Structures are given as C-alpha cells and as structure tokens.
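**Student:** Just dropping this structure here.
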Amino acid sequence: MMHRTWLWARSSLLLTLTVTVVLGLLVPARSQDVVTLRFSNWHLVETVWGRSLREAINIFESRNPGIRISPEPISYAEKEPRYQIECAARRMPDVVKLHNFSLTLFFELGCAADLTSFIQREGPGFLKTWYDTPMQIMTHKGKIMAMPGDFMSMVVIYNRDLFKAAGLDPDKPPKNWTEFLEYARRLTRDTDGDGRVDQWGFSMPASKNPGLPLRILPVVFSFGADFLTPDGRSSAMDSREFREAFTYIVELATVHRVVPPGVTTFGPGDVRTQMASRRVAMKIGSGWSYPIINDLNPSLKAAETLEAAPVPVGRKQTTVAWLSGWIMSPHTRNPDAAWKFIKFLSSKDIEKKFFEDNRVISSRRDVNTLPLVRTDKFSRVIVSQLSQARLEPLIKEWPEIFDAFATALQEAITGAKTSERALADAHARVNAILARPR
C-alpha cells in the first residue's frame, strides 16, 4: 500500500512538472519580463508629429521585443510644471522631451539623469556626428544630461500666392524691417470687396504661451537689443534698441493694424490656422510649419505655396534657434532600456524619419548633409541661418523674465498701459527677479 502511494505521488509530481514545462513553452513571457517605459511628449497631441512618433515607437518595439513604450500625451504649456511635480514625487516619466530654455532648470533641480556613463559605453566617436552647440547645451557641470533632438533657426514663412495678388514679387521677400512693414501693409486687404479687411500681412501668437519667445526674439535680437546685460545680472530692457523693438512689435497691431484683431489671444496653432485659411500672408516659424499647415488645409498645397526667408535685418542679421533635448528621469527603474530608447530617438535613421515626416532639422551633421535635406527649399534656408541664430537665455529665471515681457506686450497692445509704462514696469520686474538669491 505504501509502495502504491509513493508511486502515485511520484507520478503526480512528474505529471505536474511536465505540464508546467509545456505551459512554460506555450504561454508568453510574464508581464514582469517585459519592461514598460513611460514616454511623455507634447507632439503626441499633434496630428502630424503624433503620427510620426507613434510610428517610431512601433519601430522601436519591433526591434526591442522586451521593451514596451507607454505614450503619455501632454500639452506644450503643461509639460514643465507637471514634470517638476512628478519629479518631486519620484514619478516623472522615464523619457521626456524638453525645449532648451527648460533644460538648465531641470538639470539644476536634479530632474535629469546623468547620461555620461551610457555615452562612454558607446565608444569615443559616438558624439562626433552632433553639432558642438547642442552638445554644449546638453552638458551641465561636466556631465552630459540630455541628448539633442531638433536644432532649427526661426525664419519668415510666407504665402507666395498672396504676394502675387498684392503685386509683390514672391521671389523677393522683405530684407529689413522697413520693407517688412511695407509688405505687411500691402498684404493687409479687403479681398472680397465688402469694405472689411479679411486678409492681414502678418500674425503672431501674442497670448501668454511658451511658443511666443521663438516668434518675438528674432525681432528683438535683430534690432540689436537683448533682455539681459552681458553678465546676466540685470535687465537690459530699458535700452534704446529694446524700446525700438518693443514699439515696432506693438505698433504692428495698434498703429499699422497689419495683424488680425485679437492678437493677444492667439497661440501658435491659431496663427498656423490663419495661414492655412489664407487669412495671413506672413508669420515667423520653422521647419515644422508647412507640414502642420498642409494638414490643416491640404488644398493650400503648402509645399508649393509657402516659402521660407531669413528674418529681416535690423541692426544685425540674426535670429533665434530652437533646440530640444531628450532626457531620462533620474528615478527610472529601467535606465538601460530608457537609454536604448533615447539612443533610438536621436539615431540617424529616426532623425531622418522625423525630417521626412515633419521637416524638422536635426542636431546631427550626418542627417543635415543628406541630399533630401540640402535640396529642400525650407530646410535650405533654415540650416543656412543656424550660424546666425542665438538661443534663449539659458538661466532658470528665463520663463519668469519672458512672462514679464509678455505681460507688457499685452498691456501695450490692448491699451491697458502706454508702451513706455508697460515696458518700464517689465524692466523693474525683471530686475526684481534677478535680484533674488540664486
């Protein structure tokens, strides 16, 4: 009896082991065997960029079957405050994208992982393909804290058909701000003969939004003005050059009326919609402009109808550069997988895809020298202006400083204050910001 019991127990054990092995071969890997990365990016809420990013995620997952990417869309304006809160709670997404003006703040807050050791593993020649300026911005206290993404100059985007209709040569865009104003006046028209203006020469996103600095700084810089003194310790917004630039911008709306009414409520998306519907002839933008505008109104045939030109010259030929970076959460539980994803996003083939899909210019030399980039009429202008481009001030107080300027701009355009009073108040506010202990 005991012998039969032992045999039964042994047979049951063998059967259990056999079933376990077979099921182990048939059942997919357990969920804990697959790494999931949270990926947050404001482009995920956009039609063109969002589609491109999701396609890139699919490519990455097919090449890395042990890693899954969980997309977390976020608005452009919301990303910095939310990421700071999540970082403080140690819940920041594993990989995020930031514009260069917020990188310094996140580095100083400890909200970016040090990527130096990962880069060293890639070998001594790994970084040679990137431009020096982006890599310098990604470096903080001798450590590489982010990998560069897009690197583009801001330019004038204009509609050649509206130029022709106004008797302007579309192959001769305005070269200075005097010409720009004259073009804008001629392009501001009543096109249907009902006695009301329905087309404007220029538009700008003058609401308080994170996209405004990129569209305003080219004007300010070209007038020879700056927001800060060279040592970065005081406001320079009381200079003659700054007052001239500020007055010029304000009077486009208040005196010359070459921008649509309600300009202080516009964001970048509103301006792109106005251009897509042929309501405005000129705006300041970059490589992303025409794919988005084309998606808004395919009948415009934006690739053919729109053109790019350098920002007009004031006292100097200059513009501002857009630069983005991929950062890893300092609290990620899967740093190797997160690095693999960042490396993928900044790789040559994916940066090439981003150009093909979105016309954004890469921080990689080996992408920008590809024939499709060098021959594209938009990227040709944008790349040519990078040598003339400056970055927004790389100090953590910059968002507050520009908010003071944006407040003054709105006060002056709406008539809440005179231009002189609004700018003087902003100058005082910036000095108070910079006087705080750092």
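No lab work stands behind these numbers, since they all come straight from the coordinates. What you see is a predicted model; the values in this text were computed from it and never measured. All Cβ positions, glycine included, derive from the backbone under ideal geometry; neighbour counts span all protein chains shown.
**Student:** Quick one: order Ser277, Ser289, Ser52 by neighbouring beta-carbon count within 10 Å, fewest to most.
**Tutor:** Numbers: Ser277 13, Ser289 24, Ser52 20.
By the 10 Å Cβ count, ascending, the order reads Ser277, Ser52, Ser289.
**Student:** Based on the mean of other Cβ atoms within 10 Å per residue, sort peptides 66-72, 382-388 so the most packed one is first. List each step's numbers first, then the result.
**Tutor:** Values: 66-72: 15.6, 382-388: 18.4.
Packing order, densest peptide first, comes out as 382-388, 66-72.
**Student:** With a cut-off of at most 16 other beta carbons within 10 Å, and DSSP calling the residue loop, which trypsin sites (Lys or Arg not before Pro) in the stretch 311-363 qualify? Please list them.
**Tutor:** Numbers: sites: Arg315, Lys316, Arg333, Lys340, Lys343, Lys348, Lys352, Lys353, Arg359; in loops: Arg315, Lys316, Arg333, Arg359.
For trypsin sites (Lys or Arg not before Pro) across the stretch 311-363 that sit outside H, G, I, E and B with at most 16 neighbouring Cβ atoms in 10 Å, the list reads Arg315, Lys316, Arg333.
**Student:** Under a GNM of the chain (C-alpha, springs under 10 Å), which listed residue has the highest mean-square fluctuation: Arg121, Arg278, Arg90?
**Tutor:** Of Arg121, Arg278, Arg90, the most mobile in the Gaussian network model is Arg121.
**Student:** If you don't mind, another one. With Cβ to Cβ distances under 9 Å as the rule, what net charge do the other residues near Ala225 carry (K, R +1; D, E -1)?
**Tutor:** On the way: positive: Arg240, Arg243, Arg315; negative: Asp226, Glu241, Glu244.
Spelling it out: positives minus negatives among the neighbours equals 0.
**Student:** Lys and Arg at +1, Asp and Glu at -1: add these up for the other residues within a Cβ distance under 13 Å of Asp132 and post the number.
**Tutor:** On the way: positive: Lys128, Arg364, Arg365; negative: none.
Net charge in that neighbourhood comes out at +3.
**Student:** A follow-up question, please. Among Lys97, Lys128, Lys175, which one shows the biggest mean-square fluctuation in a GNM of the chain, springs joining Cα atoms closer than 10 Å?
**Tutor:** Answer for the Gaussian network model of the chain: Lys128.
**Student:** Separate question: Within 15 Å, Cβ to Cβ, of Ser379, how many net charges do the neighbouring residues add up to if Lys/Arg are +1 and Asp/Glu are -1?
**Tutor:** Working: positive: Lys352, Lys353, Arg359, Arg364, Arg365, Arg374, Lys377, Arg380; negative: Asp150, Glu307, Glu351, Glu356, Asp357, Asp366, Asp376.
It works out to a net charge of +1.
**Student:** Still on this model: What Kirkwood hydrodynamic radius, in Å, does the stretch 177-322 give when the mean of 1/r is taken over all pairs of distinct Cα atoms and then inverted?
**Tutor:** Working: mean 1/r = 0.0620 Å⁻¹.
It works out to 16.1 Å.
**Student:** May I pose another question? Using the eigenvalues of the Cα gyration tensor, what equivalent ellipsoid semi-axes result for the stretch 62-156 when each is taken as the square root of five times the eigenvalue, whole Å, largest first?
**Tutor:** Details: eigenvalues 97, 74, 52 Å².
Ellipsoid semi-axes (Å, largest first): 22, 19, 16.
**Student:** Here's another thing I want to ask about it. Give me, ordered by chain and number, the residues 5 or more places off Phe151 or on other chains with an amide H under 5 Å from its own placed amide H.
**Tutor:** Correct list: Ile361, Ser362, Ser363.
**Student:** Lysines within cross-link reach of Lys283: Cα-Cα under 23 Å, excluding same-chain residues under 8 positions apart?
**Tutor:** Lys164, Lys172, Lys175, Lys208, Lys301, Lys316, Lys377
**Student:** Right, another one. Mind checking the stretch 226-276 for trypsin sites (Lys or Arg not before Pro) that DSSP puts in a loop (not H, G, I, E or B) and that have at most 16 other Cβ atoms within 10 Å? Let's see the in-between values first.
**Tutor:** Working: sites: Arg233, Arg240, Arg243, Arg257, Arg272; in loops: Arg233, Arg257.
Hits after loop and neighbour filter: Arg233, Arg257.
**Student:** Here's a follow-up. As a footprinting exposure proxy, order Leu212, Leu252, Leu370 by other Cβ within 10 Å, with the fewest listed first. Display every interim value, and only then the final one.
**Tutor:** Numbers: Leu212 21, Leu252 24, Leu370 18.
Ascending number of Cβ neighbours within 10 Å: Leu370, Leu212, Leu252.
**Student:** Same structure again: Please arrange Thr133, Thr188 by how many other C-beta atoms lie within 10 Å of their C-beta, fewest to most. Write down the numbers at each step before the final one.
**Tutor:** On the way: Thr133 17, Thr188 21.
Least to most surrounded, the residues fall as Thr133, Thr188.
**Student:** Starting from 0 in steps of 5 Å, tell me what percent of the Cα-Cα pairs of the stretch 326-366 lands in each bin.
**Tutor:** 6, 23, 25, 18, 13, 12, 3
**Student:** Counting helices only, and only those DSSP H runs with n ≥ 4, report the 222 nm mean residue ellipticity of the chain as the sum of -39,500 (n - 2.57) divided by its residues, in deg cm²/dmol to the nearest 500.
**Tutor:** Numbers: 20 runs with 209 residues, N = 438.
Theoretical 222 nm ellipticity from helices: -14000 deg cm²/dmol.
**Student:** How big is the chain by the Kirkwood estimate over distinct Cα pairs, in Å? Write out the running numbers ahead of the final one.
**Tutor:** Working: mean 1/r = 0.0417 Å⁻¹.
Kirkwood hydrodynamic radius for the chain: 24.0 Å.
**Student:** Determine the relative contact order of the chain: mean sequence separation of Cα pairs under 8 Å and six or more apart, normalised by residue count, in whole percent. Working shown, then result.
**Tutor:** Working: 731 pairs, mean separation 100.7, N = 438.
Relative contact order comes out at 23 percent.
**Student:** Hey, got the dipole for the stretch 305-419? About the Cα centre, +1 on K and R Cβ, -1 on D and E Cβ, debye to the nearest 20? Could the numbers behind the result be given before it?
**Tutor:** Details: 17 positive and 13 negative charges, 88 e Å.
Result for the stretch 305-419 is approximately 420 debye, rounded to the nearest 20.
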